[in-house]
Amino acid sequence: MKTVLVTGASSGFGEAICRRLIADGHQVIGAARRAEKLAALAAELGDRFVAVVMDVTDKVSIDQAFETIFQRCPQIDILVNNAGLALGIERAQVASAANWERMIATNVTGLALVTHKVLPHMVAANNGLIINMGSIAGTVPYPGGNVYGATKAFVKQFSLNLRADLAGSKVRVSNIEPGLCSDTEFSMVRLDGNAEAVAALYKDVEAIRPEDIAHTVAWISQLPEHMNVNSIEIMPVAQSYSALTVTRNL
Ligand SMILES: NC(=O)c1ccc[n+]([C@@H]2O[C@H](COP(=O)([O-])OP(=O)(O)OC[C@H]3O[C@@H](n4cnc5c(N)ncnc54)[C@H](OP(=O)(O)O)[C@@H]3O)[C@@H](O)[C@H]2O)c1
């Protein structure tokens with residue numbers, strides 16, 4: 001049994017990851033802002049699930065959450081840095097600066113600060129695995145991806161740089177980079193609750209599901225200690241690349 005901290009546990013990937021890791025026999029600490037969602041998950045998952053309210057954009061909230069976490073579970077074996085969001089699909093020149101700030105605060109600063117709390121303990125124990133939730137948006141540029149994609153490019157490079165710093169230690173770092181996924185709140189959040197636009201996005205498309213990502217996390221978690229998956233990019237078969245745009249007579 002391993003002790004796993006999952007951020008963004010209140011919906012989508014995080015919730016599915018908690019369910020899967022509990023089913024696999026682990027102890028899981030699930031963190032997010034919405035206490036009522038975590039309480040419902042705790043009622044379903046039982047004693048091996050510990051719910052902790054944490055806003056990764058708020059340093060005080062992170063400090064308080066980790067006081068509770070370290071009291072209950074002094075050694076975290078696996079950190080799944082999954083909390084994150086995209087806000088808006090507008091082109092950069094008309095995008096909201098507030099949305100940019102929130103994406104950076106959550107996906108970049110929040111992920112880095114949570115890692116900063118856990119990493120020294122993992123290194124001291126010479127044991128640990130950090131699984132970051134990146135995105136194909138960190139590699140593939142697209143219109144409207146601007147800051148969201150850039151935050152996931154941060155996650156990608158941060159993961160690799162951690163590997164460099166962890167040379168000589170047994171602590172492992174992986175970056176999962178999913179493409180289009182359905183059945184999470186991601187697109188409702190991104191499109192500001194526009195249910196019609198969300199339905200149009202997933203219409204007649206068999207996208208990746210949260211259980212697929214949970215399966216990937218479970219797979220990485222049970223690999224032999226000498227194996228490090230640096231990154232894993234996963235798309236639905238229905239998603240692929242298109243040609244670069246060329247503007248004529250510009
Ligand atoms: N769905 C996709 O197509 C897709 C594709 C590639 C990558 N991803 C990435 O996968 C991760 C999970 O996304 P998802 O699809 O599962 O979306 P989701 O259903 O919206 O889940 C996002 C989770 O992050 C938490 N969260 C958001 N802001 C937070 C904050 N300030 N502090 C703590 N927790 C916070 C949310 O909980 P609270 O609101 O309760 O805090 C929620 O549990 C994200 O990092 C996302 O960028 C998603």
Between I234 and residues 5 or more places away or on another chain, which pairs have amide H atoms under 5 Å apart, with H built 1.01 Å from N, and which residues are they?
E177, G179
When the chain is treated as a Gaussian network with springs between alpha carbons less than 10 Å apart, the largest mean-square fluctuation among H121, H26, H226 is found at H226
Highest-fluctuation residue, A105, A167, A214 considered, GNM on the chain with Cα pairs under 10 Å
A167
List every residue whose amide H lies under 5 Å from the amide H of I130, counting only residues 5 or more places away in sequence or on a different chain, with H placed 1.01 Å from N in the peptide plane.
L79, R172, V173, S174
Taking placed amide H atoms and a strict 5 Å upper bound, the residues 5 or more places from I29 or on another chain that come that close are V4, L5, V6, V50
Compute the semi-axes of the equivalent ellipsoid of the chain, taking the square root of 5 times each eigenvalue of the Cα gyration tensor, and list them largest first in whole Å.
30, 20, 18
In Å², and per residue, what accessible area does the chain have when probed at 1.4 Å with the other protein chains present?
51
Cut-off 14 Å (backbone N to label point 7 Å along Cα→Cβ of K170), residues of the stretch 96-122
122
Rounded to one decimal in nm, the spacing of the 7 Å Cα→Cβ label points at R34 and A243 is 4.3
Which trypsin sites (Lys or Arg not before Pro) in the stretch 137-224 sit in a loop by DSSP (not H, G, I, E or B) and have at most 16 other Cβ atoms within 10 Å of their own Cβ?
K170, K203
Heavy-atom accessible surface of the stretch 1-128: percent carbon and sulfur, 1.4 Å:
52
Along the dipole axis of the chain (charges at Cβ: +1 for Lys and Arg, -1 for Asp and Glu; origin at the Cα centre), the most positive-end residue among N161, N82, V198 is N161
Between N126, N81, N175, where does the largest GNM mean-square fluctuation fall for the chain, given springs only between Cα atoms within less than 10 Å?
N126
Could you give the length gained on full extension between T68 and W219, defined as 0.36 nm per residue of separation minus the Cα-Cα distance, in nm?
51.5 nm
Of all GluC sites (Glu not before Pro) in the stretch 199-250, which ones are in loop regions per DSSP and have a Cβ with at most 11 other Cβ atoms within 10 Å?
E225
Eligible lysines near K203 by straight Cα distance, threshold 30 Å, same-chain separation 8 or greater:
K37, K152, K156
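The values are calculated or read from the model by the stated rules, or taken from the named source; none is laboratory data. The structure presented is a predicted model; accordingly, all values stated were derived computationally and were not measured. Cβ: placed from backbone, ideal geometry, glycine included. Neighbour counts: every protein chain shown. Just the protein is used for accessible areas: all its heavy atoms, side chains included, with ligands, DNA and RNA removed. Shrake-Rupley method; radii C 1.70, N 1.55, O 1.52, S 1.80 Å.
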